[in-house]
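Structure, as structure tokens:
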């Protein structure tokens, strides 16, 4: 029996989908490390949990102590896994400390440290935007003087578009936090382009399956324009040249980031989430890469379009290094509902939601699931908004129509 230790910070709905995937695997002994007590483990899953260790934080020392205890109590740990972006470096450090097979610290930093990522990719000949890591205001200004406005400024170890700014002039530059040696900032040239994703399953460094989505509009535009209700599209056509022409770049980027051990150990076994740009002239460049499952409902969308449970598939991949590619049978999409920007409507809670019935009617059978915003619900500053819907259709055009029905009809107001 292979002993798998899964990090489940909190036993929330999304986490429990991954946990269930591991719990249903044959030939696996499953242990869990979490911030929540053992009593919070879902009752249906609890009998399959061989060991639980509660921690007060997800810092490397606590995770190391927890993993060591589970190894001594249950048996040698064969795999240590977690699906959150911010967990990847601590998990790698624990693997290094306890000699557990999987992604190690150097490679984890290649994915997590955005400046190091760009350096590694450039050295491998992978196209990326011009960038630098600024530790002083002078370095930041020198880079801008070289490339010109606008620029993108974000944390060195960013997560999605959080704390990310598009700076278009000196006044906006003065308004953002200044970099320092303790808190450097990644600054990049702004790339005007369409933004896509490429989700890739690799086993020991070899890509064996890919999927891809298109953002409408880009996450940065969504962050900057809080009233925009945006969508993510996963097209029906898995041989669309828009994505297939990018595959060689995807392969080269992953090989560079995983490093030399990827082909001989489980360090190169993963589901990665790559965001990339297609310029108006048809050329492409890599933006960021996460060595973990994607967010914004891409996991359930991939499951819908390939008639599978991607949460269970990821668990099997990470635990047993097994994955069965399946053909794409339809298209899918996700829409996210948000209200007006703060300057247009003050208020901390939702006071009205309109257009739900009309949106549902226009979507018809394409609507798969929907979490509708509720009156009285607290306002969120997260770019995913206060509600969402997932749709599928036999054609890409059908999904586009359903997404349009959702984002054009559903309206939220705050007060």
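Of everything in segment 115-152 that is touching a strand residue (DSSP E or B) at 6+ places or on another chain (Cβ under 9 Å) and in a loop (DSSP other than H, G, I, E, B), the residue that is surrounded by the fewest Cβ atoms within 10 Å (Cβ to Cβ) is 148.
No other residue among 11, 6, 83, 111 is in a loop (DSSP other than H, G, I, E, B), in contact (Cβ under 8 Å) with a residue 60 or more places away in the chain and either crowded, with 17+ Cβ neighbours inside 10 Å or on the phi > 0 side of the Ramachandran plot (or both) apart from 83. Take the conditions (1) buried (at least 19 other Cβ atoms within 10 Å of the Cβ); (2) in contact (Cβ under 8 Å) with a residue 60 or more places away in the chain; (3) assigned to a loop (DSSP other than H, G, I, E, B); residue 100 misses just one of them, which is (2). Counted as qualifying within segment 310-377 are the strands (runs of 3 or more DSSP E) with 2 or more residues that are modelled with pLDDT of 95 or more, under 20 Å from the mean Cα position of the chain (by Cα) and under 30 Å from residue 23 (Cα atoms), namely 331-337.
When you check residue 201 against the structure, is it at pLDDT 90 or above, outside any loop (DSSP other than H, G, I, E, B) and buried (at least 18 other Cβ atoms within 10 Å of the Cβ), yes or no?
Yes, satisfied.
Scan 391, 368, 410 and give me the residue that is under 19 Å from residue 299 (Cβ atoms) and crowded, with 22+ Cβ neighbours inside 10 Å. Show your work before the answer.
Working: 368 fails: crowded, with 22+ Cβ neighbours inside 10 Å; 410 fails: under 19 Å from residue 299 (Cβ atoms).
Of the residues listed, the single one that is under 19 Å from residue 299 (Cβ atoms) and crowded, with 22+ Cβ neighbours inside 10 Å is 391.
Per the conditions (1) under 24 Å from residue 258 (Cα atoms); (2) surrounded by 16 or more Cβ atoms within 10 Å (Cβ to Cβ); (3) touching a strand residue (DSSP E or B) at 6+ places or on another chain (Cβ under 8 Å); (4) at pLDDT 90 or above, the sole criterion not satisfied by residue 214 is (1).
The values are calculated or read from the model by the stated rules, or taken from the named source; none is laboratory data. Model, not experiment: these values are computed from the prediction. Here the Cβ is made from the backbone with ideal geometry for all residues, glycine too, and neighbour counts use every protein chain on show.
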